[in-house]
Amino acid sequence: MADVFDDDENETEQTVSLNEYLEQVEHQELEADLVLGGDEGKECTYAKGYMKRQAIFSCLTCAPDGNGGVCTACSLSCHDGHEIIELWTKRKFKCDCGNSKFGAGYCKLLPSKDSENEENAYNQNFKGKYCTCGRPYPDPDAEEQVEMIQCCICEDWFHEEHLGHESTNEVKIPVDEEGEPLYEDLICHKCSSICSFLHLYPPTIWASDKEHAATPSKEKDVAATPSKEKDVVSAPSASGSSSKLEDGTSDIRDADPAAVPDVNAKSPHDDKDVVLGEKSVTCLLGVDLSATELASEKSQPMFLAKNWREALCGCAKCSDFYAKKGISYLLDKEDSIAEYERMAKQKRDEKMQQQEGAELNLLNNLGHVEKLEILSGINDMKDEIRSFLQNYDASKPITSNDIHQVFENLKKRRRMD
Ligand SMILES: [Zn+2]
Ligand SMILES: [Zn+2]
Ligand SMILES: [Zn+2]
Ligand SMILES: [Zn+2]
Ligand SMILES: [Zn+2]
Ligand SMILES: [Zn+2]
């Protein structure tokens, strides 16, 4: 976790090279865009209801008990200068800004709201506490800020060393040689008992140090990535000229026998029975989870493989079970952070392309004199930077003072013209 919005207060006398500085800015922008999911932060999201996922902020100035959360736009417009905690994304949340949790504070963007959003869930993160250790992030007492991992069920964040019980051995986290995660989701030790049914699935559902996915075919992963799933149906060329798959199969991944758990040997592996979609008839597990005595495991955290959610059975009985346990969102592709970030990246790319287009358009629509004005401004800047670089010792880092000086000189130059 890092700051979504850069805090000026934290910027002490740091010195960085220009390239490092630009890289940092770019990285922060990307990270912010991934969290905000393409939300421009201009309108309160309350009207959109309980959104599948959005960036949420807790304001301890307005709701000191830490039991209210606001959307991005509200954090900027209604809580500027307040003590804000960035919570990253939360699922199924409706903006609380200005409702009964906020005392006298009112919402500048959308004042009329119900007094409470009953379906909102508030974990300790809203109070600025994380993990089993209940420490804040960033932790003022820690020498170094260590990254935390989010549980996909309770959405709390955990330090690696605080996963699992003290009595048990250290938890092994599946990462590659570079330390990049080989898992898609974590289910923390506190939530693992809710999900003990996952042990009924084949072991490919678990992330391991050896790279493998819950749905093994690599080709299929690539094919399933484009946003328009309808196009994907025609992807397997094996079906020859007929582009539509039979049996009303809506998604090619459903037709892949490899994705079907082989837990129950009696389960007929006839393709017609295997078709799941939203309402499959045949249960992949062949058991009624609600009526099954599930061994309550020694609550160990679970690390799930890439695309594990796609392997989950969506039959009526399993769906019932998920609903009772309050985890129906696991069947919703858009609930996963991976999907949220994928969509965010797509929106970001579109936005950047539009921006580029808009800049070109602007320049094209300008008159000749205006174009020259802008170009001469750009030339002034180039001159100023060039003269700065000429007098500058390349072995030394550029300080923010240097940059200020360049712009000061530029201002003077413009005034003289
Ligand atoms: Zn709002
Ligand atoms: Zn506030
Ligand atoms: Zn507001
Ligand atoms: Zn901790
Ligand atoms: Zn959890
Ligand atoms: Zn089922």
*Checking residue 282 against (1) in contact (Cβ under 8 Å) with a residue 40 or more places away in the chain; (2) more than 16 Å from ligand 4 (Cβ to nearest atom), which single condition isn't satisfied?*
(1)
*Please go through segment 191-222 and pick out each residue that is at pLDDT below 90, part of a loop (DSSP other than H, G, I, E, B) and not hydroxyl-bearing (Ser, Thr, Tyr).*
209, 210, 211, 212, 213, 214, 216
*Please give the number of the condition residue 155 fails out of (1) within 29 Å of residue 311 (Cα to Cα); (2) in a loop (DSSP other than H, G, I, E, B); (3) within 15 Å of ligand 4 (Cβ to nearest atom); (4) modelled with pLDDT of 90 or more.*
(3)
_Given the criteria within 16 Å of ligand 6 (Cβ to nearest atom), modelled with pLDDT of 90 or more, crowded, with 16+ Cβ neighbours inside 10 Å and outside any strand (DSSP E or B), does residue 126 qualify?_
no
_Checking residue 339 against (1) under 19 Å from the mean Cα position of the chain (by Cα); (2) assigned to a helix (DSSP H, G or I); (3) in contact (Cβ under 8 Å) with a residue 12 or more places away in the chain, only one condition comes out false. Which one?_
(3)
*Going by the structure shown, is residue 113 in a loop (DSSP other than H, G, I, E, B) and more than 20 Å from the chain's Cα centre (by Cα)?*
yes
*Return the pairs, sorted by first residue and then second, in which the second residue is assigned to a helix (DSSP H, G or I) and within 16 Å of ligand 5 (Cβ to nearest atom), the first residue lies in segment 62-84 and is on the phi > 0 side of the Ramachandran plot, the beta carbons are less than 7 Å apart, and the residues are 6+ apart or on different chains.*
66/126
*Taking residue 90, is it basic (Lys, Arg), more than 16 Å from ligand 3 (Cβ to nearest atom) and within 23 Å of the chain's Cα centre (by Cα)?*
yes
*Pick from 95, 154, 131: which is within 19 Å of the chain's Cα centre (by Cα) and away from ligand 5 (no atom under 15 Å from the Cβ)?*
95
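For segment 95-121, enumerate the residues that are more than 16 Å from ligand 2 (Cβ to nearest atom) and touching a helix residue (DSSP H, G or I) at 6+ places or on another chain (Cβ under 6 Å).
115, 116
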*Report yes if some residue within segment 191-198 is within 16 Å of residue 130 (Cβ to Cβ) and buried (at least 18 other Cβ atoms within 10 Å of the Cβ); otherwise report no.*
yes
*Please verify whether segment 166-179 includes one or more residues that are away from ligand 1 (no atom under 16 Å from the Cβ), among the aliphatic types (A, V, I, L, M) and in contact with a Gly (Cβ under 8 Å, 6 or more places away or on another chain).*
yes
*Since residue 357 meets every condition but one in (1) among the small types (Gly, Ala, Ser); (2) assigned to a helix (DSSP H, G or I); (3) touching a helix residue (DSSP H, G or I) at 6+ places or on another chain (Cβ under 7 Å), which condition does it not meet?*
(3)
*Restricting attention to segment 85-110, which residues are touching a residue at least 12 places away in the same chain (Cβ under 8 Å), in a loop (DSSP other than H, G, I, E, B) and of a type in the set (A, V, I, L, M)?*
109, 110
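The values are calculated or read from the model by the stated rules, or taken from the named source; none is laboratory data. Note that the structure is predicted; figures quoted are calculated from it, not measured. Positions of Cβ are backbone-derived with ideal geometry, glycine not excepted, and every protein chain shown enters the neighbour counts.
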